[in-house]
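Derivation of every value follows stated rules applied to the coordinates shown; laboratory data play no part. Computed from a predicted structure; not experimentally measured. Positions of Cβ are generated from backbone atoms using ideal geometry, with glycine treated the same way; all protein chains shown enter the neighbour counts.
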Amino acid sequence: MIKIRKFKKGDERKLSYLSRKCIVLINSKDITKKQTVILYKHFTPGQFIKDSKRFNIYVAELNGKVVGTATLDLTLNDNWGRAVFVNPNYHGKGIGRELMNRLESDAKKWGFRSVSLKASPFAVNFYKKLGYKKIKEIVGDVGSMTLMKKQL
Ligand SMILES: CC(C)(COP(=O)(O)OP(=O)(O)OC[C@H]1O[C@@H](n2cnc3c(N)ncnc32)[C@H](O)[C@@H]1OP(=O)(O)O)[C@@H](O)C(=O)NCCC(=O)NCCS
């Protein structure tokens, strides 16, 4: 059974591990080695602790095992989905969708009418399935990303 809950202290190592696993096994295929290193270095356990103080971090558990994460940033005018990662061993089981459902319903509760995010090349079609529309392509430090937005 999939359960989505808020981040708690002690999750940071597991979230760092599964994010880095996605970066190395999946996202690295669409970006350079240098960009992979930047991303890998960013997602430390300490970064998750730091982010948990500013943002809403969600954790997905499958039968009690931590398998995914997503972050909702409510600090901007528009609100943003960030750092959506599901352990590659558990892809295609609806975990990413459940994480985004929770993130979107919380954004709605806070009075936001849309969610924006920068999608990795790998995730563009996943977000499309969930109702996100392409706004534009952006090129940054970690390669090209697609700015996408969903009306809630
Ligand atoms: C993108 C990601 C979060 C999706 O997680 P997931 O748990 O496998 O997704 P789900 O099982 O909930 O998929 C929901 C739907 O999207 C589809 N889907 C999932 N990933 C897809 C992809 N890469 N391309 C096309 N469709 C995809 C599924 O088939 C499913 O469709 P269905 O409802 O018709 O069966 C996961 O692949 C991941 O962690 N990727 C690597 C990290 C990454 O790039 N994250 C995004 C950063 S912006």
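Around the amide H of residue 68, modelled in the peptide plane, lie the amide H atoms of 60, 87, all under 5 Å away and 5 or more residues distant in sequence or on another chain.
The phi-based Karplus calculation (6.51 cos²θ - 1.76 cosθ + 1.60; θ = phi - 60°) puts the 3J(HN,Hα) values of the range 14-31 at 5, 5, 5, 4, 6, 5, 5, 5, 4, 4, 6, 7, 10, 5, 4, 5, 9, 9 Hz, whole numbers, x for Gly and Pro.
Distance from the Cα centroid of the range 121-152 to that of the range 10-82 is 17 Å (rounded to whole angstrom). Residue-wise HN-Hα couplings along the range 123-136, as the Karplus relation 6.51 cos²θ - 1.76 cosθ + 1.60 with θ = phi - 60° gives them from phi, are 9, 4, 6, 4, 5, 4, 4, 7, x, 7, 10, 5, 9, 6 Hz; Gly and Pro carry x. Within the listed set 76, 117, 62, the Gaussian network model of the chain (springs between alpha-carbon atoms below 10 Å) gives the highest mean-square fluctuation for 76.
Report the convex hull volume per residue for the range 30-85, counting only C-alpha atoms, in Å³. The partial results should precede the final answer.
Values: hull volume 6.4 nm³, N = 56.
Output value, Cα hull per residue: 115 Å³.
Rg/Rh for the range 87-127 (Cα atoms only, Rh after Kirkwood) is 1.02. Using only DSSP helix segments of four residues or longer, with each worth -39500 (n - 2.57), what per-residue ellipticity at 222 nm results for the chain after dividing by its residue count and rounding to 500? Rounded to the nearest 500, it is -11000 deg cm²/dmol. GNM, the chain, Cα, under 10 Å: largest mean-square fluctuation among 105, 116, 52? Comparing 105, 116, 52 in the GNM, the peak value goes to 105.
Listed values for the range 143-151 are Karplus-derived 3J(HN,Hα) couplings in whole Hz (6.51 cos²θ - 1.76 cosθ + 1.60, θ = phi - 60°), namely x, 8, 10, 10, 6, 10, 9, 10, 7, and x replaces Gly and Pro. Just add up the charged neighbours of residue 52: K/R +1, D/E -1, any other residue whose Cβ is under 11 Å from the Cβ of residue 52. Here the charged neighbours net out to +3. Computing FRET efficiency as 1/(1 + (r/R0)^6) for residue 65 and residue 141, where r is the C-beta to C-beta distance and R0 is 22 Å, gives about 0.10.
Principal axis extents of the C-alpha atoms in the chain (largest first, rounded to whole Å): 39, 37, 29.
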